[in-house]
Amino acid sequence: QLPWLSENTPLKSRCSGRMPASSYASRAAAIMADAGYGADTVGRVESLILKRDLRNDAEAQTLEDVACLVFLEFEAPAFIAKHDDAKVRDILAKTAGKMSSRGLAAATELALDQRLSRLLREAVSGPA
């Protein structure tokens with residue numbers, strides 16, 4: 001049993017073993033406060049973890065872009081191997097929708113396999 005999971009944790013979180021963002025934010029805040037960080041710094045980290053005001057906060061948007069780029073480069077290849085093109089295109093469209101134009105430009109520089117690259121292009125450009 002993972003320490004952050006309890007019978008009150010939503011079923012989806014219990015099944016995936018993933019902690020909700022609010023739990024990460026609370027845990028980070030507690031650790032930082034114990035380490036002596038000030039309230040402003042703790043609040044900023046919480047805001048970044050919770051992706052508050054993503055489109056208007058350049059630092060938060062950069063963090064989201066990085067998370068999406070990591071997914072594309074390291075996690076998407078295994079994911080797409082298990083799913084059909086329509087499902088992959090849908091997930092990639094949602095991923096691209098979270099990214100800034102700068103993040104999308106960086107995605108074009110990744111060495112992605114042919115199928116992933118094609119599906120990402122299709123997801124970004126929309127239906128043909």
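Worth a mention:
- Alpha carbon convex hull of the stretch 31-128, volume per residue in cubic angstrom: 118 Å³
- Approximate shape of the stretch 88-128 as ellipsoid semi-axes (Cα gyration tensor, √5λ), whole Å, largest first: 14, 13, 8
- At full extension, SER47 and ALA35 could sit 2.5 nm farther apart than now, given 0.36 nm per residue minus the alpha carbon distance.
Each value in this text was obtained by applying a stated rule to the coordinates, not by laboratory testing. Quick caveat, the model's predicted, so the values are computed rather than measured.
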